[in-house]
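The values are calculated or read from the model by the stated rules, or taken from the named source; none is laboratory data. Because the structure is predicted, anything quoted here is derived from the model rather than measured. Every residue, glycine as well, gets a Cβ built from its backbone with ideal geometry; the counts of neighbours run over all protein chains shown.
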Amino acid sequence: RKRVRVHHLTEAKAAGEKLTMLTAYDGPTARIFDAAGVDMLLVGDSVGDNMLGHANTIPVTVDEMIVAARSVTRAARRALVLVDLPFGSYEASPAQAHATAVRLLKEGGAHAVKIEGGTRVAPHLRLMVESGIPVFGHLGFTPQSENTLGGHRVQGRGDDAAARLLEDALALEEAGACAVVLEMVPGPVAERVSAALTVPTIGIGAGTACDGQVLVWTDMAGMGPWSPRFARRFAEIGAALESAASDYVTAVRSTEFPAPEHTFET
Ligand code: KIV
Ligand code: NA
């Protein structure tokens, strides 16, 4: 199967084909999701709260993103791998964003990067794109700004906020974004933004009208005890793992494992 590339995204939108994205933070999950046919793997800064034990994405460093990115890019054969610019690594200037993105590509093997924010980061996005780096935008609820946004809240509610969201999306497309993630946006607002853009929208908690969907894999697979309202648990992997580990403990304690077939002869 041929590698998914940035030009396929707009082609898929034009053809009315839905795009699929999941987060991945390591090699084993990247290999599995790639084999399942997921189009894009996002090395999200959600690695902070999902893997590294942080309360949110704020503490995640560029070095941590690079370790995760390298694991995912080495394992993915077909999927396009995009990597988040973490908090504090791009906001100060287009040059700072460019320098961080270069590290994510050169050291992490990223095919593309993702940046949070609208009109404010359009110059940053433009410089990266002009330097040959594909960039995804991210609008609506942007977790790196949760302290400003007042927690996990739906964004773009009401006419003014919806109009601002559309303006931001158009600014990102104009600056050269290859797609725009819409997080926690009312369905009808996401539909309007999706219709206005030529590049695809990738929704998370943004309804069915988006051109593609993304979920955090632990939410999708039921790895943790709960998933957000906008996610469906397509499996109960956490419970299955706990049951496997508990069976292992029982088998070792009862000396039922290891059995002769697991034991080397002299
Ligand atoms: O880091 C992440 O997982 C994300 C998705 C929620 C879009 O940015
Ligand atoms: Na993110």
Note to self: within 15 Å of ligand 1 (Cβ to nearest atom) and more than 21 Å from residue 133 (Cα to Cα): which single residue out of 68, 30, 110 fits that description?
What the structure shows: 30
Margin query: Considering only residues that are hydrophobic (A, V, I, L, M, F, W, C) and either surrounded by fewer than 16 Cβ atoms within 10 Å (Cβ to Cβ) or away from ligand 1 (no atom under 16 Å from the Cβ) (or both), which ones fall in the stretch 129-148?
Written below: 129, 133
Notebook entry, point to check: Does the stretch 53-71 include one or more residues that are within 14 Å of ligand 2 (Cβ to nearest atom), more than 16 Å from the chain's Cα centre (by Cα), closer than 23 Å to residue 238 by Cβ and surrounded by fewer than 20 Cβ atoms within 10 Å (Cβ to Cβ)?
Noted result: yes
Check: In the stretch 33-52, which residue that is within 16 Å of ligand 1 (Cβ to nearest atom) and over 18 Å from residue 66 (Cα atoms) is surrounded by the fewest Cβ atoms within 10 Å (Cβ to Cβ)?
Finding: 39
Check: Is it the case that the stretch 82-99 has a residue that's within 16 Å of ligand 1 (Cβ to nearest atom) and more than 15 Å from residue 116 (Cβ to Cβ)?
Finding: no
Next item on the list: Given the conditions (1) farther than 26 Å from residue 74 by Cα; (2) more than 16 Å from ligand 2 (Cβ to nearest atom), report the number of the one that residue 118 does not fulfil.
Entry: (2)
Checklist line | Selection within the stretch 187-216 - within 27 Å of residue 56 (Cβ to Cβ) and either within 16 Å of ligand 2 (Cβ to nearest atom) or out of contact with any Gly (no Cβ under 6 Å at 6 or more places or on another chain) (or both) | finding: 193, 201, 202, 203, 204, 205, 206, 212, 213, 214, 215, 216
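Each row is one residue, and each column tells you yes or no for (1) β-branched (Val, Ile, Thr); (2) surrounded by 13 or more Cβ atoms within 10 Å (Cβ to Cβ); (3) in contact (Cβ under 8 Å) with a residue 24 or more places away in the chain; (4) within 14 Å of ligand 1 (Cβ to nearest atom).
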position: 160; (1), (2), (3), (4): no, no, no, no
position: 165; (1), (2), (3), (4): no, yes, yes, no
position: 184; (1), (2), (3), (4): no, yes, yes, yes
position: 209; (1), (2), (3), (4): no, yes, no, no
position: 212; (1), (2), (3), (4): no, yes, yes, yes
position: 226; (1), (2), (3), (4): no, no, no, no
position: 247; (1), (2), (3), (4): no, no, no, no
position: 266; (1), (2), (3), (4): yes, no, no, no
Next item on the list: Output yes when any residue across the stretch 106-113 is within 16 Å of ligand 2 (Cβ to nearest atom), within 23 Å of residue 22 (Cβ to Cβ), of a type in the set (Gly, Ala, Ser) and part of a loop (DSSP other than H, G, I, E, B), and no when none is.
Entry: yes
Next item on the list: Count, please, the residues in the stretch 91-105 that happen to be small (Gly, Ala, Ser) and either outside any helix (DSSP H, G or I) or surrounded by fewer than 23 Cβ atoms within 10 Å (Cβ to Cβ) (or both).
Entry: 4
Notebook entry, point to check: If you scan the stretch 124-152, which residues turn out to be within 14 Å of ligand 2 (Cβ to nearest atom), at pLDDT 95 or above, not aromatic (Phe, Trp, Tyr) and not in a loop (DSSP other than H, G, I, E, B)?
Noted result: 135, 137, 138, 139, 140, 143, 144, 145
Next item on the list: Could you tell me whether residue 97 is touching a residue at least 12 places away in the same chain (Cβ under 8 Å) and touching a Ser or Thr at 6+ places or on another chain (Cβ under 9 Å)?
Entry: yes
Margin query: Which condition from (1) surrounded by 23 or more Cβ atoms within 10 Å (Cβ to Cβ); (2) assigned to a helix (DSSP H, G or I); (3) of a type outside the set (S, T, N, Q) is the one that residue 116 breaks?
Written below: (2)
Notebook entry, point to check: Of everything in the stretch 35-52 that's among the β-branched types (Val, Ile, Thr) and within 13 Å of ligand 2 (Cβ to nearest atom), which residue is farthest from the chain's Cα centre (by Cα)?
Noted result: 47
